[in-house]
1. For a footprinting-style exposure proxy, rank Phe13, Phe62 by other Cβ within 10 Å, fewest first.
2. Under a Cβ-Cβ cut-off of 12 Å, what is the net charge of the residues other than Lys20 that fall near it, where Lys and Arg count +1 and Asp and Glu count -1?
3. Taking the Cβ of Gly134 as the centre, find all other residues whose Cβ is under 11 Å away and add up their charges (Lys, Arg: +1; Asp, Glu: -1).
4. Met205: net charge of surrounding residues, Cβ under 14 Å, Lys/Arg +1, Asp/Glu -1, itself excluded?
5. What is the packing order of peptides 141-149, 100-108, taking the mean over residues of other C-beta atoms within 10 Å and listing the highest first?
6. With 10 angstrom as the radius, rank Ser179, Ser161, Ser37 by how many other C-beta atoms surround their C-beta, starting from the fewest.
7. What ranking of Cys18, Cys181 emerges when the number of other C-beta atoms within 10 Å of each C-beta is taken as an exposure proxy, fewest first?
8. Pairs to check: Lys128/Lys178; Lys137/Lys167; Lys128/Lys167; Lys9/Lys65. Give those whose C-alpha atoms are more than 19 Å from each other in this structure.
Amino acid sequence: MLDVDINVKRDDFCLQVCTKLEAPITGILGASGSGKSTFLAVIAGLLKPQQGYIQLNDQRLFDAKTNLWSPPHKRRIGLVFQDGQLLPHLSVHNNLLYGYRNITQSERHFELNEVAKLLEIEHLLDRKATALSGGEKQRVALGRAILYSPSVLLMDEPLSSLDERLKNQILPFFLRIKSECKIPMVYVTHSPRELDFLTDTQLVMSDGQLLANGN
């Protein structure tokens with residue numbers, strides 16, 4: 001469970017969110033500039049709120065009252081961006097293991113072979129990241145995040161740069177992650193169709209506030 005009560009001010013923009021996210025996949029819909037990516041950045045530890053707290057399961061990540069601040073590398077959160085952000089000088093194999101190698105054996109819940117099979121990228125392992133198509137890059141980015149064995153996956157418009165054909169290919173993989181990996185997800189997008197496909201639990205980000213979906 002993700003329990004969030006935060007206040008973040010950046011220039012003229014204010015993000016104020018008080019919510020508990022408990023669904024296997026929570027969808028967040030919103031227009032550009034509404035605060036969706038800022039919200040994920042705060043959870044991931046890339047941006048520090050001025051007030052409030054963040055709790056992930058039994059781990060307190062941030063608490064303004066006690067000056068508690070857990071840095072990103074200690075949060076065990078997987079973050080997938082819209083462009084994948086693979087390391088171009090590494091092979092797919094080494095991109096996949098980038099986070100995996102930074103956690104202990106006891107913290108590893110998944111192995112390379114099973115994740116590569118799940119995402120159907122076994123045949124790509126020896127390729128450079130620069131030799132991948134857009135859809136392949138996103139599957140590799142997903143695999144890298146899963147192999148980090150995160151407590152939650154944050155998806156920041158992961159399909160927005162892809163055409164409809166590639167989106168239709170990749171969307172089913174998110175459901176496979178849900179059913180086979182059992183990792184909770186927060187899925188941010190501006191596409192209602194993606195959320196309708198993935199989840200019944202949908203919220204709307206508007207002007208820095210997270211609201212129930214009136215639809």
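Nothing in this text is a laboratory measurement; each read-out follows from the coordinates by a stated rule. Not measured: the values here are computed from a predicted model. Glycine gets a Cβ as well: all are built from the backbone with ideal geometry, and neighbour counts include every protein chain shown.
1. Starting with the residue having the fewest Cβ neighbours, the order is Phe13, Phe62.
2. Net local charge, Lys20 excluded: -3.
3. Local net charge: +1.
4. That sum, taken over residues with Cβ under 14 Å, equals -2.
5. Ranking the peptides 141-149, 100-108 by packing returns 141-149, 100-108.
6. Working: Ser179 9, Ser161 15, Ser37 20.
The most exposed by this proxy come first: Ser179, Ser161, Ser37.
7. On the way: Cys18 12, Cys181 19.
Ranked by crowding around the Cβ, least crowded first: Cys18, Cys181.
8. Numbers: Lys128/Lys178 28 Å; Lys137/Lys167 12 Å; Lys128/Lys167 22 Å; Lys9/Lys65 17 Å.
Going by Cα-Cα distance, Lys128/Lys178; Lys128/Lys167 fall outside the 19 Å limit.
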